[in-house]
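Asks: For reference, the structure I am asking about is given below.
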């Protein structure tokens, strides 16, 4: 679990320098298709370590992109509140995150991909329909790039692709694309592409309510933690979305409001326990999103 009681703690964890990135060996990965093998080449350039170094630090999910052309709903929905607001922390020893799939990638290494963002999406993401059609960057509502190789890296934990079960050959696992100085894209579970922004050191908690008016121990605890405040924002976003859905579909909104009020009373029983609050908010997100999807 990432300790986000203060952004300073995360920056301490992430305050390492990537070492000897230019001396890391890169493997050529040849798929059986000759055509694809000619397109996909892992190359090592003099600027690679600089591009990887810019990822070091703390990042927060701004958007969760799903395949808009898919005919069925996957595990995650567009801008899924379970993903938006979550935190990724990168340093040369480990990558941490607090998504629903939270885990660590030990001894991360970054290996350049010789595709632009559009080619990376089309090659690595699962197809839709029958026979399957490979998605494009526009299906994910992401600018595909200029057709040239960009700062896109396959992430490995040691020598194994991070979450090797994701993707298809020749690009397996998680990849990261540099979109700007303070923005990256990251391939994640449920055929999603996440966009993340850099969290500045000393960033203040920003929950859905006014911390000046915080009236319970739980609310004051949320106001003391960047991580907890982000979870609170996610629950609030999901609740508002469910409420709007109920109004549009002529469903009774009173029940939605009552359920949220009942949950808030349960959440407040957590008092100052961060673990209890996170578990409560994670569970609430699962309940609300399951209703949004139906």
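Asks: What nm distance separates the two modelled labels at residue 287 and residue 208, each placed 7 Å from Cα along Cα→Cβ?
Replies: Distance between the two pseudo-spin positions: 1.3 nm.
Asks: Right, next: Hey, what did the range 211-293 get for relative contact order, percent, Cα under 8 Å, at least 6 apart?
Replies: Normalised by residue count, the contact order of the range 211-293 is 43 percent.
Asks: How much length is gained if the chain between residue 143 and residue 275 is pulled fully straight, taking 0.36 nm per residue apart and subtracting their Cα-Cα distance, in nm to one decimal?
Replies: Taking residue 143 through residue 275 to full extension adds about 43.7 nm, to one decimal.
Asks: Can you divide the C-alpha Rg of the range 157-294 by 2.2 N^0.38 Å and report the result to two decimal places?
Replies: Expressed relative to 2.2 N^0.38 Å, the Cα Rg reads 1.28.
Asks: Using a Förster radius of 51 Å, what is the FRET efficiency between residue 252 and residue 114 based on their Cβ-Cβ separation? Nearest 0.05, please.
Replies: 0.40
Asks: If I stretch the segment between residue 107 and residue 165 completely, what's the gain in nm (0.36 nm per residue apart, minus their alpha carbon distance), one decimal?
Replies: Working it through step by step, the gained length comes to 19.0 nm.
Asks: How compact is the range 125-222 by the rule of thumb for globular proteins, expressed as Cα Rg over 2.2 N^0.38 Å?
Replies: It is 1.49.
Asks: Quick one: length gained pulling residue 181 to residue 94 fully straight, 0.36 nm per residue minus the C-alpha distance?
Replies: Taking 0.36 nm per residue and subtracting the Cα distance, the gain is 29.2 nm.
Asks: Hey, can you rank 258-265, 230-237 by average C-beta count inside 10 Å, highest first?
Replies: 230-237, 258-265
Asks: Could you sort 165-174, 56-65 so that the peptide with the highest average Cβ count within 10 Å comes first and the rest follow in order?
Replies: Highest-to-lowest ranking by the protection proxy: 56-65, 165-174.
Asks: I would also like to ask the following. I want to check the label-to-label distance for residue 201 and residue 68. Put each point 7 Å from Cα in the C-beta direction and report it in nm to one decimal.
Replies: Using points 7 Å along Cα→Cβ, the separation is 3.9 nm.
Asks: Considering the zone a paramagnetic label at residue 243 would reach in this model (a point 7 Å from Cα along the Cα-to-Cβ line), which residues of the range 71-102 have amide N under 17 Å from it?
Replies: Residues 81 qualify, since their backbone N sits under 17 Å from the label point.
Any read-out appearing in this document is the output of simple, stated calculations on the displayed coordinates, not a laboratory observation. Keep in mind that this is a model prediction, so the values were computed, not measured. Every residue, glycine among them, receives a Cβ derived from its backbone with ideal geometry; neighbour counts consider all protein chains shown.
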